[in-house]
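The values are calculated or read from the model by the stated rules, or taken from the named source; none is laboratory data. Please read all numbers here as calculations on a predicted model, not as lab measurements. Note that we place each Cβ from the backbone using ideal geometry, even for glycine, and neighbour counts take in every protein chain shown.
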């Protein structure tokens with residue numbers, strides 16, 4: 001399983017600074033993955049609570065194991081689609097998400113549903129990726145694996161990671177979903193792929209985008225692509241890990 005917590009460590013710091021979680025809060029974490037953000041929220045909110053929501057059973061299984069290991073009792077995880085799940089209405093005092101909101105089929109419906117779970121005036125703070133061409137991790141790995149060849153329409157359509165990249169669209173979506181005071185802050189931090197080239201190669205090949213791009217190549221082309229990937233990772237090995245540039249939006253809003 002790809003280690004998103006390590007990859008996004010710098011972004012996690014920026015999100016955490018913006019959250020300012022207070023004791024007694026009831027926190028809803030959308031797209032929680034393996035639960036790092038949920039566990040951190042549970043500790044900060046105690047004696048309040050934190051609920052993590054995700055659609056991945058394997059990630060949630062790891063999240064539950066880690067919460068038990070850390071002795072957290074004010075935390076829970078549920079497998080659900082946040083677009084349609086029936087949350088307790090007006091229950092949560094804070095909503096958060098670390099790159100977990102970009103894949104909704106109907107974003108207005110999804111954020112409307114999330115908003116119903118928040119108390120009036122409650123904040124919702126999330127990180128989303130900016131445009132693909134502002135993500136070195138995307139452009140450099142794509143160039144290495146595809147060598148200038150266009151990805152298929154099916155592969156392009158499957159990649160929704162950048163669906164909330166346009167600020168005006170984000171404002172329109174959240175406003176339509178019943179949020180106010182929408183604000184976007186530019187976050188410019190690198191992402192981490194491993195301690196060295198070999199570790200980063202193993203990590204990258206676990207990513208869906210890498211698997212999809214390689215699947216479009218014949219055996220000989222795939223072998224050449226992997227050689228190019230190794231060279232790209234070598235070039236980004238700082239001696240303190242393999243890092244790629246990235247940009248995100250830190251989006252905050254309030255339920256009306």
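Could you say whether any residue in the range 50-71 is more than 16 Å from the chain's Cα centre (by Cα), closer than 26 Å to residue 255 by Cβ and part of a loop (DSSP other than H, G, I, E, B)?
no
Please work out if residue 233 is buried (at least 18 other Cβ atoms within 10 Å of the Cβ), more than 30 Å from residue 178 (Cα to Cα), touching a helix residue (DSSP H, G or I) at 6+ places or on another chain (Cβ under 7 Å) and modelled with pLDDT of 95 or more.
yes
Scan the range 50-91 for residues that are under 15 Å from residue 29 (Cα atoms) and touching a residue at least 60 places away in the same chain (Cβ under 8 Å) and report the count.
Selection size over the range 50-91: 1.
Condition first: within 17 Å of the chain's Cα centre (by Cα) and assigned to a strand (DSSP E or B). Now tell me which residues in the range 79-98 satisfy that.
Correct list: 79, 95, 96, 97, 98.
Which condition number in (1) over 27 Å from residue 203 (Cβ atoms); (2) exposed (fewer than 15 other Cβ atoms within 10 Å of the Cβ); (3) touching a strand residue (DSSP E or B) at 6+ places or on another chain (Cβ under 7 Å) is the one that residue 24 fails?
Of (1) over 27 Å from residue 203 (Cβ atoms); (2) exposed (fewer than 15 other Cβ atoms within 10 Å of the Cβ); (3) touching a strand residue (DSSP E or B) at 6+ places or on another chain (Cβ under 7 Å), only one is false for residue 24: (3).
Kindly evaluate residue 18 against the criterion of being assigned to a helix (DSSP H, G or I), touching a residue at least 12 places away in the same chain (Cβ under 8 Å) and more than 14 Å from residue 115 (Cα to Cα).
When the stated conditions are applied, residue 18 passes them.
Residue 122 - would you say it is farther than 30 Å from residue 233 by Cβ and either outside any strand (DSSP E or B) or touching a strand residue (DSSP E or B) at 6+ places or on another chain (Cβ under 9 Å) (or both)?
For residue 122, the condition - farther than 30 Å from residue 233 by Cβ and either outside any strand (DSSP E or B) or touching a strand residue (DSSP E or B) at 6+ places or on another chain (Cβ under 9 Å) (or both) - is met.
Going through the range 132-149 one residue at a time, which ones are in a loop (DSSP other than H, G, I, E, B) and either modelled with pLDDT of 95 or more or in contact with a helix residue (DSSP H, G or I) (Cβ under 8 Å, 6 or more places away or on another chain) (or both)? So that I can check it myself, show each step before the final result.
Going through the range 132-149, the residues in a loop (DSSP other than H, G, I, E, B) turn out to be 135, 147-149.
Selection gives 135, 147.
Please state which of the following conditions residue 10 fails to meet, knowing it meets all the rest: (1) touching a residue at least 60 places away in the same chain (Cβ under 8 Å); (2) in contact with a strand residue (DSSP E or B) (Cβ under 6 Å, 6 or more places away or on another chain).
Of (1) touching a residue at least 60 places away in the same chain (Cβ under 8 Å); (2) in contact with a strand residue (DSSP E or B) (Cβ under 6 Å, 6 or more places away or on another chain), only one is false for residue 10: (2).
Could you check, for the range 99-109, whether at least one of its residues is touching a residue at least 24 places away in the same chain (Cβ under 8 Å) and more than 17 Å from the chain's Cα centre (by Cα)?
yes
Scan the range 25-49 for residues that are in contact (Cβ under 8 Å) with a residue 60 or more places away in the chain, more than 23 Å from residue 193 (Cα to Cα) and in a loop (DSSP other than H, G, I, E, B) and report the count.
1
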